[in-house]
1. Look through A:H10, A:H59 and report the one residue that is surrounded by fewer than 21 Cβ atoms within 10 Å (Cβ to Cβ), modelled with pLDDT of 85 or more and part of a loop (DSSP other than H, G, I, E, B).
2. If you scan region A:177-202, which residues turn out to be closer than 30 Å to A:R154 by Cα and not assigned by the TED database to the domain that holds A:G42?
3. When only residues in region B:111-127 that are closer than 30 Å to A:T20 by Cα and not small (G, A, S) count, which is least open to solvent (accessible area, probe 1.4 Å)?
4. In region A:73-87, how many are touching a helix residue (DSSP H, G or I) at 6+ places or on another chain (Cβ under 8 Å), farther than 19 Å from A:M121 by Cα and either part of a loop (DSSP other than H, G, I, E, B) or more than 9 Å from every other protein chain (Cβ to nearest Cβ) (or both)?
5. Which of the residues spanning region B:178-199 are open to solvent by 10 Å² or more (accessible area, probe 1.4 Å), of a type outside the set (D, E) and either free of Cβ contacts under 8 Å to residues at least 24 places away in the same chain or under 20 Å from A:I200 (Cβ atoms) (or both)?
6. Which condition does B:Y137 not pass, out of (1) more than 14 Å from the chain's Cα centre (by Cα); (2) open to solvent by 20 Å² or more (accessible area, probe 1.4 Å), if it passes all the others?
7. Would you call B:V65 assigned to a strand (DSSP E or B) and modelled with pLDDT of 85 or more?
8. Please enumerate the residues belonging to region B:143-202 that are closer than 29 Å to A:A22 by Cβ, among the aliphatic types (A, V, I, L, M) and at the interface with chain A (Cβ under 7 Å from one of its Cβ atoms).
There are 2 protein chains.
Amino acid sequence: MTEENSQDKHQQKMQKIQSTVAKRVDKATEERGILIVMTGNGKGKTCAGFGNIIRCIGHGFNAGVVQFIKGTWEAGEVKFIQQVRPDMPYHAMKTGFTWDTQDKTADIAAAEAAWVHAKAMLANPDLQMVLLDELTYMLSYQYLDLDEVLSAIRNRPVDQTVIVTGRSAHKELVAIADTVSEVREEKHAFRSGIKAQIGIDW
Amino acid sequence: MTEENSQDKHQQKMQKIQSTVAKRVDKATEERGILIVMTGNGKGKTCAGFGNIIRCIGHGFNAGVVQFIKGTWEAGEVKFIQQVRPDMPYHAMKTGFTWDTQDKTADIAAAEAAWVHAKAMLANPDLQMVLLDELTYMLSYQYLDLDEVLSAIRNRPVDQTVIVTGRSAHKELVAIADTVSEVREEKHAFRSGIKAQIGIDW
């Protein structure tokens, strides 16, 4: 095949794909905030949440973040965002892992206090995006009431996008979500003896 | 069960988990840059890459980004990062999708030009993290030489972490990776008629 033929063949193939893509794009006409769930046991869920937050606020929109569980250590992503947006609504539960606190009553109180912040964000039409990092655990541990959480998410402003991260997302949360990605661990450096490192893992 | 008993039981269970986790943490002693691959067909791969970049530079480290394919439109995440780090090494291929360019020769030239930037970053010991967004497609389309790409990644500075994103990661790339997450699409808003939206999708 000459180079010219190869280029022609490539062009024909691409025109076909372009037409298929164009048809799909034509069908997608609705514009509104969506519910995104990033679940699964692999690395990248929280990073994906924060990556989407900066994608949103990089265009000049407003966003808010509540971090459940995490927050006993200083997260690089939060430090970075606060350099540009020190006023971004932000709350961290700051308890750390349940196996370190070993105090269910205090964990529930901290979850409920964090939820007050989350609920306020879910009712705020000025926020185009709200990240509820690690919220899934609050539901699987039954630290927060499922119906209350689902209801607050369902009744949020129509243009607000919500991102929920964490393993084992509750099936009712998945049911009301628009986009659900399961981040599956194929390999993890930690399992081959590499420790959690600053800048990579927090 | 009284509340006190429940609290005791919780504490015992958490102590057991804590001890298991501690043993695993003790085994993970190596500190070095890692290769992270975010692949699969779901939403969140590029966001996870950029989320990790801000986690890294939020702690004061340096990072670089090359975006293959993407770049004909203005990405919010890049706009945001450049507000704090206008000098961050960054290159976008700026061709857009292959089915829109329909020009294999020009696409290959653009891929090779982008690769020059990537290769320089992979040889730069001042960069703690390098994101090669959508690089996987350059390998599956055979726009870049697999051996050259693998060799540059393998021979990078020992403390540099590299993140590669994109669908269908080459099996040889997966083989040399430390952490591989497969982002599986369970649901996608686009398929239920919601268009790609600013702040969410770019």
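The values are calculated or read from the model by the stated rules, or taken from the named source; none is laboratory data. What you see is a predicted model, and the numbers here were worked out from it, not measured in a lab. For neighbour counting, all protein chains shown are included, and Cβ atoms are generated from backbone atoms with ideal geometry for every residue, glycine included. Areas reflect the complete protein model, heavy atoms only, side chains present, ligands, DNA and RNA absent. Shrake-Rupley method; radii C 1.70, N 1.55, O 1.52, S 1.80 Å.
1. A:H59
2. Correct list: empty.
3. Step by step, filter region B:111-127, then rank; the result is B:W115.
4. Residues that pass the stated criteria total 1.
5. Going residue by residue through region B:178-199, those that are open to solvent by 10 Å² or more (accessible area, probe 1.4 Å) are B:178, B:182, B:184-188, B:190-193, B:195-198.
From what is left, the residues that are of a type outside the set (D, E) are B:184, B:187-188, B:190-193, B:195-198.
B:K187, B:F190, B:R191, B:S192, B:G193, B:K195, B:A196, B:Q197 - these are the residues of region B:178-199 that are open to solvent by 10 Å² or more (accessible area, probe 1.4 Å), of a type outside the set (D, E) and either free of Cβ contacts under 8 Å to residues at least 24 places away in the same chain or under 20 Å from A:I200 (Cβ atoms) (or both).
6. Going through (1) more than 14 Å from the chain's Cα centre (by Cα); (2) open to solvent by 20 Å² or more (accessible area, probe 1.4 Å) one by one, B:Y137 breaks only (1).
7. So B:V65 passes the test.
8. Answer for region B:143-202, where residues must be closer than 29 Å to A:A22 by Cβ, among the aliphatic types (A, V, I, L, M) and at the interface with chain A (Cβ under 7 Å from one of its Cβ atoms): B:V183, B:A189, B:I194, B:I198, B:I200.
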